[in-house]
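*Asks:* Before anything else, here's the structure in question.
The values are calculated or read from the model by the stated rules, or taken from the named source; none is laboratory data. Keep in mind the model is a prediction, meaning the values are calculated, not measured. Neighbour counts run over all protein chains shown; Cβ positions are idealised from the backbone, glycine included.
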């Protein structure tokens, strides 16, 4: 996806058609997960988007559906393990060391150093590829 979407939106958006999810709802749902959840640099937004896709495709929809819950957990762990093996971490702050996205100087440094292209886009591409391999 192009434009000003965050990493979670970018990953979830790729799968909207496959999931029967309208794009507007998807973009709203994923909007708070960018930059490791509200710029707090927790779990990478691309990975959060991937876990949303897994939940929408294989997740638990009824209270007693333990098999679906376990499938979603298993696939989510698998996605996380593959992502971590590729990038060394699942945490945005570790993927972007020395960058504090909660501050204007940190956001400026992120932009000035081209980290969207160097770090975040490869994470988005990897999350999509991992989903395509495990789903």
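*Asks:* Out of all the residues in region 3-16, is one or more modelled with pLDDT under 95, within 24 Å of residue 107 (Cα to Cα) and part of a loop (DSSP other than H, G, I, E, B)? Give the derivation first.
*Replies:* If we filter region 3-16 for residues that are modelled with pLDDT under 95, which is where we start, we get 3-4.
Keeping just the survivors that are within 24 Å of residue 107 (Cα to Cα) gives 3-4.
Still in the running and part of a loop (DSSP other than H, G, I, E, B): 3-4.
Checked region 3-16: at least one residue is modelled with pLDDT under 95, within 24 Å of residue 107 (Cα to Cα) and part of a loop (DSSP other than H, G, I, E, B).
*Asks:* So which residues in region 98-132 are closer than 14 Å to residue 80 by Cα and either touching a helix residue (DSSP H, G or I) at 6+ places or on another chain (Cβ under 8 Å) or assigned to a loop (DSSP other than H, G, I, E, B) (or both), if there are any at all?
*Replies:* 123, 124, 126, 127, 128, 130, 131
*Asks:* Let me ask something else. Which residues, counting only those in region 30-86, are in contact (Cβ under 8 Å) with a residue 60 or more places away in the chain and in a loop (DSSP other than H, G, I, E, B)?
*Replies:* Correct list: 35, 36, 39, 40, 41, 44.
*Asks:* Another one. So if I check each of 85, 61, 46, 71, which one is closer than 13 Å to residue 126 by Cα and either surrounded by 20 or more Cβ atoms within 10 Å (Cβ to Cβ) or in contact with a helix residue (DSSP H, G or I) (Cβ under 8 Å, 6 or more places away or on another chain) (or both)? Full working, then the answer.
*Replies:* Details: 85 fails: either surrounded by 20 or more Cβ atoms within 10 Å (Cβ to Cβ) or in contact with a helix residue (DSSP H, G or I) (Cβ under 8 Å, 6 or more places away or on another chain) (or both); 61 fails: closer than 13 Å to residue 126 by Cα; 71 fails: closer than 13 Å to residue 126 by Cα.
Being closer than 13 Å to residue 126 by Cα and either surrounded by 20 or more Cβ atoms within 10 Å (Cβ to Cβ) or in contact with a helix residue (DSSP H, G or I) (Cβ under 8 Å, 6 or more places away or on another chain) (or both) holds for just one of 85, 61, 46, 71, which is 46.
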